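These notes are about the structure you will find just below.
The values are calculated or read from the model by the stated rules, or taken from the named source; none is laboratory data. Given the structure is predicted, the values throughout are model-derived calculations rather than measurements. Quick reminder, even Gly has a Cβ in these numbers, built from the backbone with ideal geometry, and neighbours come from all protein chains shown. Areas reflect the complete protein model, heavy atoms only, side chains present, ligands, DNA and RNA absent. Shrake-Rupley method; radii C 1.70, N 1.55, O 1.52, S 1.80 Å.
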Amino acid sequence: ALFFSLQIFAQKPCSQPVYRQFDFWIGDWEAFGPKGQKAGDSKISLLLDSCTIFEEWTSVMAVKGLRYAGKSFNMYNASKQKWQQYWLDNTGSITEYFNGHYENNKMILETDNQKINDTTWQIQKMTFYDLGPDKVRQHGETSADGGKTWTTSFDLEYRRKK
């Protein structure tokens with residue numbers, strides 16, 4: 001049985017092209033807001049035999065003495081045929097963007113429609129635009145009407161550090 005299991009992994013498990021769709025985000029970045037102000041730094045790297053794209057984010061500004069920081073694990077889930085992101089931050093929040101796909105040079109990640117409180121449901125969406133080797137746009141949006149209309153929550157331009 002051991003020999004058989006080793007044979008399965010003779011080829012790397014995440015070597016299919018679908019696993020490389022989000023590689024445009026890999027790198028060391030500075031992120032800027034719409035008015036050109038620096039918002040943060042982000043380091044994106046490959047882990048686990050190139051199966052996982054790992055993000056390490058740190059904001060520039062401190063709020064109440066705390067510099068916002070977070071990490072995400074991104075992977076193509078072959079059994080669901082979806083890209084998925086698990087985001088964790090230093091405020092104790094976890095966000096599951098488990099409905100993702102790649103199309104037209106952009107990665108689109110969405111949460112399920114989740115109950116926020118007694119009266120509000122919300123979908124969160126992030127779209128990553130591949131703007132060439134040194135630039136990525138990350139546009140965050142929310143919808144409170146099941147995805148009919150969207151409101152921008154953040155809009156960042158990632159510039160590769162030289």
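Please work out if Phe128 is touching a residue at least 60 places away in the same chain (Cβ under 8 Å), outside any loop (DSSP other than H, G, I, E, B) and surrounded by 14 or more Cβ atoms within 10 Å (Cβ to Cβ). So Phe128 fits the description; yes.
The residue that is most open to solvent (accessible area, probe 1.4 Å), counting only those in the stretch 138-162 that are under 20 Å from Thr95 (Cα atoms) and in contact with a Phe, Trp or Tyr (Cβ under 6 Å, 6 or more places away or on another chain), is Glu141. Taking the criterion of being crowded, with 17+ Cβ neighbours inside 10 Å and under 12 Å from Tyr129 (Cα atoms), the only residue of the stretch 86-105 that qualifies is Tyr102. Within the stretch 67-85, if we keep just the residues that are over 23 Å from Glu157 (Cα atoms) and not aromatic (Phe, Trp, Tyr), the residue that is surrounded by the fewest Cβ atoms within 10 Å (Cβ to Cβ) turns out to be Ser79.
Annotation note: Cβ proximity below 9 Å between a residue of the stretch 146-162 that is farther than 22 Å from Ala31 by Cα and a residue that is open to solvent by 80 Å² or more (accessible area, probe 1.4 Å) (sequence gap 6+ or interchain) occurs for Gly146/Trp121. The number of residues in the stretch 107-125 being of a type in the set (Asp, Glu) and assigned to a loop (DSSP other than H, G, I, E, B) comes to 2. So which residues in the stretch 131-162 are part of a loop (DSSP other than H, G, I, E, B), touching a Ser or Thr at 6+ places or on another chain (Cβ under 7 Å) and within 23 Å of Trp83 (Cβ to Cβ)? Of everything in the stretch 131-162, just one residue is part of a loop (DSSP other than H, G, I, E, B), touching a Ser or Thr at 6+ places or on another chain (Cβ under 7 Å) and within 23 Å of Trp83 (Cβ to Cβ), namely Trp150.
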